[in-house]
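*Asks:* Starting off with a structure, shown below.
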Amino acid sequence: MNLTNLLLSTGLSLFFLGLVFIPMEKAFPAKVNQFVFRKKWFLDLCYFLGQYLIWSSLVLKAIEFFGQWIQAQIDIPFQTTIGKQPLWLQVLEVLILSDFFIYWAHRLQHKYDFLWRFHKVHHSAETLDWLAAHREHPLDSIYTVGIINLPAILFGFDLNSIAILVAFRGIWAIYIHSNVRLNLGFVKKLIGSPDLHHWHHDKERDRGNYANLSPIMDIVFGTYVCPDFEPENFGIKEDFPQNYIGQMIKPMLPNSVWNIFNSKNISSK
């Protein structure tokens, strides 16, 4: 894709998502007085532009390389057997297994400091809406997208053949971060919703709700959290840079190196 087409597709994506989610957030707000151009909206716009213009293609190339390596280690007869199943069954297996894998991978991101140092970029957002969903470190994206697509890779799926499923997960991820609260009743125990994921973004690092599409894994493993009100505060308890470059760089440096880098940066101002 040339630069012109890339810029055009990015602009259209921003327009389309805003057209869908801004009216929804105004009609069914989780936090009533939240503005569209709220605090740190420009930082999240930088993440959106970075993701669409730079990181997405690099993440996909990394996943493609990872997938080819994994598939080279798997016996062809296994994938042939899987491929003989009805397509609907294969898709169901991919959905269930990917939710299982990402549930435990997500819990590990919150448990272990090495994974958390990248994942906390996403959790540093103190305001949640459709734009904040894009706040994510590219190395964290490789980890998350890789785990989500691992079942499809193991089964020998061409990822292009389940592009609709991949696109749906992407839209769903934006939806559950949006400033929306809908009373879904019992349904939200079967499929995720913003009010569940908002509690995942509570300042407590291990609050719960780690599942992806369906909260069933959280219910089964005892991490389901569903108060009937919004969390008071989002974000993280650690000190963290408040700009895009700092949030990109700090997770990749040891704390001692970051402190030297940061002190020199401050002294040069």
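*Asks:* Go through region 173-189 and count every residue that is at pLDDT below 90 and either under 16 Å from Ile148 (Cβ atoms) or of a type in the set (Lys, Arg) (or both).
*Replies:* Of region 173-189, the ones at pLDDT below 90 are 182-189.
If we keep only those that are either under 16 Å from Ile148 (Cβ atoms) or of a type in the set (Lys, Arg) (or both) too, we end up with 188-189.
Number of matching residues: 2.
*Asks:* I'd like to verify a number: residues in region 43-61 that are open to solvent by 80 Å² or more (accessible area, probe 1.4 Å) and either in contact with a Pro (Cβ under 7 Å, 6 or more places away or on another chain) or not in a helix (DSSP H, G or I) (or both), how many?
*Replies:* 1
*Asks:* Run down Leu182, Leu150 and say which single residue is farther than 27 Å from Cys46 by Cα, out of contact with any Ser or Thr (no Cβ under 6 Å at 6 or more places or on another chain) and open to solvent by less than 40 Å² (accessible area, probe 1.4 Å). Can you show your working first?
*Replies:* On the way: Leu182 fails: open to solvent by less than 40 Å² (accessible area, probe 1.4 Å).
Result: Leu150 is the single residue among Leu182, Leu150 that is farther than 27 Å from Cys46 by Cα, out of contact with any Ser or Thr (no Cβ under 6 Å at 6 or more places or on another chain) and open to solvent by less than 40 Å² (accessible area, probe 1.4 Å).
*Asks:* Looking only at region 106-132, which residues are within 22 Å of Gly146 (Cβ to Cβ) and charged (D, E, K, R)?
*Replies:* Arg107, Lys111, Asp113, Arg117, Lys120, listed by residue number.
*Asks:* Related question: Yes or no: region 30-42 includes at least one residue that is part of a helix (DSSP H, G or I), charged (D, E, K, R) and open to solvent by 100 Å² or more (accessible area, probe 1.4 Å).
*Replies:* Going residue by residue through region 30-42, those that are part of a helix (DSSP H, G or I) are 41-42.
In the following step, the residues that additionally are charged (D, E, K, R) were identified as none.
Looking for residues that are part of a helix (DSSP H, G or I), charged (D, E, K, R) and open to solvent by 100 Å² or more (accessible area, probe 1.4 Å), one finds none in region 30-42, hence no.
*Asks:* Sort out which residues of region 223-248 are open to solvent by less than 50 Å² (accessible area, probe 1.4 Å), among the polar types (S, T, N, Q) and assigned to a loop (DSSP other than H, G, I, E, B), and write them in order of number.
*Replies:* Thr223
*Asks:* Filter region 190-213 for residues that are surrounded by fewer than 17 Cβ atoms within 10 Å (Cβ to Cβ) and either more than 17 Å from the chain's Cα centre (by Cα) or modelled with pLDDT of 90 or more (or both) and give the result.
*Replies:* Leu190, Lys203, Glu204, Arg205, Asp206, Arg207
*Asks:* How about region 120-157: which of its residues are outside any helix (DSSP H, G or I) and within 10 Å of the chain's Cα centre (by Cα)?
*Replies:* Across region 120-157, the qualifying residues are Arg135, Glu136, His137.
*Asks:* Another question, then. Among the residues of region 110-119 satisfying the criterion of being open to solvent by 20 Å² or more (accessible area, probe 1.4 Å), free of Cβ contacts under 8 Å to residues at least 60 places away in the same chain and part of a helix (DSSP H, G or I), which is farthest from Pro77 (Cα to Cα)?
*Replies:* Asp113
The values are calculated or read from the model by the stated rules, or taken from the named source; none is laboratory data. Everything numeric in this text was worked out from a predicted model, so none of it was measured. Every residue, glycine as well, gets a Cβ built from its backbone with ideal geometry; the counts of neighbours run over all protein chains shown. Accessible surface areas use protein heavy atoms only, side chains included; no ligands, DNA or RNA. Shrake-Rupley method; radii C 1.70, N 1.55, O 1.52, S 1.80 Å.
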